[in-house]
């Protein structure tokens, strides 16, 4: 069972390892970080300039680079299509883990969990 498989995941704890598996290529993750950074910059710009029109740039800035990574690098469908809120949380969780230098350990830890969940389907 993958993130976009037929079975609906019931918990975020099931989702997270599969989310990381869907982001196995470094280039995909880098494009996600770019998107997350651009989305945060647009949010900050809107707050500083007190211009709500900049808020319209957030989805494009955040999802644009990430979806390029999925369609052209990872060659899979973004999890945000089926699990939008969990995906948004996971984007920023992955971004934080990368910034804090903890992502490699999390990828290793979750790799086994994702494989076990995939075998169960």
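Points to keep in mind about this one:
- Positions within the range 9-32 being surrounded by fewer than 17 Cβ atoms within 10 Å (Cβ to Cβ) and in contact (Cβ under 8 Å) with a residue 40 or more places away in the chain, in sequence order: 12, 24, 25, 27
- Scanning the range 75-97 for residues that are surrounded by fewer than 18 Cβ atoms within 10 Å (Cβ to Cβ), touching a residue at least 40 places away in the same chain (Cβ under 8 Å) and assigned to a helix (DSSP H, G or I) yields 81, 89, 92, 93.
- Qualifying residues in the range 46-74 (those that are free of Cβ contacts under 8 Å to residues at least 24 places away in the same chain and buried (at least 16 other Cβ atoms within 10 Å of the Cβ)) - the one nearest to the chain's Cα centre (by Cα): 67
- The range 77-104: number of residues that are over 11 Å from the mean Cα position of the chain (by Cα) and at pLDDT 95 or above: 9
The values are calculated or read from the model by the stated rules, or taken from the named source; none is laboratory data. Not measured: the values here are computed from a predicted model. Cβ: placed from backbone, ideal geometry, glycine included. Neighbour counts: every protein chain shown.
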